[in-house]
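Bear in mind these aren't lab numbers, they're just calculated from the coordinates by the rules spelled out. Here the structure is a predicted model, which means the values were calculated and not measured. Reconstructed Cβ throughout: ideal geometry from the backbone, glycine too, with neighbour counts over all protein chains shown.
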Amino acid sequence: MTIANPSDWEDRYQQGTTHWDLGQPAPPFVSWLNAQPAPLAGRAIALGCGRGYEALLFAAHGLQVVGVDFAPSAIAIAQTLVEKQGQSAQFIQRDIFDLLPEFASSFDYVIEHTCFCAIDPAQRPAYVQLVRQLLRPGGEVLALFFTHTRPGGPPFGSTAEEIRQLFAADFQILELVPVHNSVLKRQGEEHWGHLRRSPYD
Ligand SMILES: C[S@@+](CC[C@H](N)C(=O)[O-])C[C@H]1O[C@@H](n2cnc3c(N)ncnc32)[C@H](O)[C@@H]1O
């Protein structure tokens with residue numbers, strides 16, 4: 001699989017070999033949202049959104065959500081789901097690295113779920129800068145990082161230490177903790193990240 005090639009991801013959707021797909025939002029997003037003392041407000045973007053489960057979840061919690069994925073079938077299914085559920089979320093077929101300058105400083109939240117582990121690890125510094133520029137100053141990242149240690153990928157693993165090093169210069173790390181309610185096949189291999197873009201830069 002050529003990870004930077006949208007048609008390889010598209011093939012996976014067309015062949016139904018989307019083993020990463022949970023068929024529902026990942027539980028840590030659900031529990032985090034349910035634990036919030038007040039409803040969230042503002043705009044969110046879900047990167048590499050796939051079939052859009054987290055985008056739809058955050059839309060149901062009152063955010064204006066944009067989901068982005070470069071695989072046309074993923075976007076088509078997300079679009080169908082949003083209509084079926086009567087939600088309002090926008091889905092865009094695009095390479096995430098082509099979102100700027102159009103969406104610069106446009107979002108209060110970036111939602112990350114298995115996009116960071118899907119891109120070439122060499123692109124991670126560019127991903128961090130992309131996320132920084134998509135957020136308004138003070139905007140937040142809500143991320144479920146796949147911190148497995150197997151070689152190769154996708155999914156490419158990472159460590160809490162690497163994530164800290166990548167984000168620390170531009171983000172306040174509010175939380176970066178092991179997850180206790182992962183789906184069975186990812187137990188012990190995920191970290192929850194809640195990061196805030198500096199309000200001053
Ligand atoms: C492992 S899947 C995860 C999908 C979804 N987040 C989920 O958890 O079901 C990675 C997704 O990112 C998309 N993707 C990978 N690189 C991308 C890029 N540079 N721009 C846009 N989408 C990308 C793929 O098409 C795929 O849908």
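Structure data summary
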| read-out | value |
| --- | --- |
| Rounded to the nearest 20 debye, dipole of the chain from Cβ charges on Lys, Arg, Asp, Glu | 300 debye |
| DSSP bridge orientation in the chain - percent antiparallel, rounded to nearest 5 | 40 percent |
| Segment Glu175-Ala35, extension gain: residue separation times 0.36 nm, minus the distance between their alpha carbons | 49.0 nm |
| Relative contact order %, the range 24-197, counting alpha carbon pairs below 8 Å whose residues are six or more apart | 19 percent |
| Gained length - Gln64 relative to Ile3, 0.36 nm times residue gap less alpha-carbon distance | 19.1 nm |
| Compactness of the chain - radius of gyration and Dmax, Cα, Å | 15.6, 46 |
| Cβ-based charge dipole, the chain, positive-most Cα from Phe91, Pro178, Gln123 | Pro178 |
| Cα centroid separation, the range 10-47 to the range 118-192 (Å) | 15 Å |
| Which of Phe103, Phe97 has the fewest Cβ neighbours within 10 Å, and the rest in rising order | Phe97, Phe103 |
| Fewest-first sequence of Leu81, Leu142 by Cβ atoms within 10 Å of each Cβ | Leu81, Leu142 |
| Ranked list, fewest to most other Cβ atoms within 10 Å of each Cβ, for Cys115, Cys49 | Cys115, Cys49 |
